[in-house]
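What follows is a set of notes on a single structure, which appears directly below.
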Amino acid sequence: MNSIAISSKIKFVGTAGIYDYELGNSAAIVALGDKKILVDCGYTVFGGLSKKGLIDEIDYLLLTHLHGDHAAGVHPAILHWTNRRKVNIKLLYPNEKYKAEMINYLKIFLGGDLDKYIDFVPVRDVEGVGFIDTLGKHVKCVQSFAYYFDCGDRLIYYSGDLGDINVTRDFLKEASHNNIAVFHEVAFIQRSEHVYYKELEALAEEYDVFAYHCNKSDAPADCKLKFVIDIAELLY
């Protein structure tokens, strides 16, 4: 799969984690038919999209989990959409439990009357979008999700923050699509919260894998991974 084919379906707003703000918090815009879905909206994302004049192109917002580098930009983005664009953003939710968590989170910033800011939409109502419940697979007891997007000619898998490569491997084994682009977070230090690069390299021997949520300059000399920052159009 070439970089042009990939970037026609997914464009990254940023590719890094919580510390490497110059590269932007990891977030992506997935084009699904005529709709654009923003996956995650961390500290740097609203500003990055606003500078590029792209914030008003978003139709849906989808969050992998509620850590700051994935969700802290949601508050200014929602206020922008409501007050300047004069629309309620459509916030997708995989299940009722996570919807309740998002409501409690957003009430801190927006107060109790969220209906004037947000239209909550179940993921199942958007054709081509699916999710994998990864509760506790990133940080113990933290609700998180991986997502996949059926773009017709290819399936895009987006891991979110995920410390267990077996979640991804099991999904890929069962996937019926024969053209899959795997976008996966990675860590260069072996720890449980993120997938270690050696584990991701093993997966890349079988699938088309692109690493994100990292600073490529920190990669060990023996790292053989392909990185999002090298192949996908960046929007930050």
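The table below lists the values:
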| quantity | calculated |
| --- | --- |
| Separation of the V87 and K51 label points, Cα + 7 Å toward Cβ, nm | 2.4 |
| Whichever lysines have a C-alpha closer than 23 Å to that of K116, once near sequence neighbours (fewer than 8 apart) are set aside | K35, K36, K86, K90, K97, K99, K107 |
| Sum of -39500 (n - 2.57) over DSSP H runs of 4+, divided by residues of the chain (222 nm, nearest 500) | -7000 deg cm²/dmol |
| Extreme residue, positive dipole direction of segment 119-234, given options Y197, F120, Y147 (C-beta unit charges) | Y197 |
| Residues of segment 129-158 with amide N under 19 Å of the 7 Å Cα→Cβ point at D208 | 129-130, 147-158 |
| Percent of beta bridges antiparallel (DSSP, the chain, rounded to nearest 5) | 45 |
| Heavy-atom surface of the chain, accessible at 1.4 Å and reported per residue (Å²) | 45 |
| Estimated distance in nm for a label pair at D153 and K198, the labels positioned 7 Å out from Cα along Cα-to-Cβ | 3.9 |
| Computed lengthening from D218 to I189, 0.36 nm per intervening residue step minus Cα-Cα distance | 9.5 nm |
| Cα point-scatterer Debye curve for segment 1-132, base-10 log of I(q)/I(0) at q = 0.09, 0.20 Å⁻¹ | -0.24, -1.27 |
| Quotient of C-alpha Rg and 2.2 N^0.38 Å, computed over the chain | 0.95 |
| Heavy-atom accessible surface of segment 51-161: percent carbon and sulfur, 1.4 Å | 49 |
| Cα centroid separation, segment 1-80 to segment 122-161 (Å) | 15 |
| Cβ-derived FRET efficiency at R0 22 Å, I18 paired with V139, nearest 0.05 | 0.95 |
| Segment 99-184: C-alpha gyration tensor shape, a/c 1.5 cut-off, then a/b vs b/c | oblate |
| Separation in nanometres of the label points that stand 7 Å from Cα toward Cβ, at F109 and E127 | 3.2 |
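The values are calculated or read from the model by the stated rules, or taken from the named source; none is laboratory data. All of these numbers come straight from a predicted model, not from anything done at the bench. Here the Cβ is made from the backbone with ideal geometry for all residues, glycine too, and neighbour counts use every protein chain on show. Areas reflect the complete protein model, heavy atoms only, side chains present, ligands, DNA and RNA absent. Shrake-Rupley method; radii C 1.70, N 1.55, O 1.52, S 1.80 Å.
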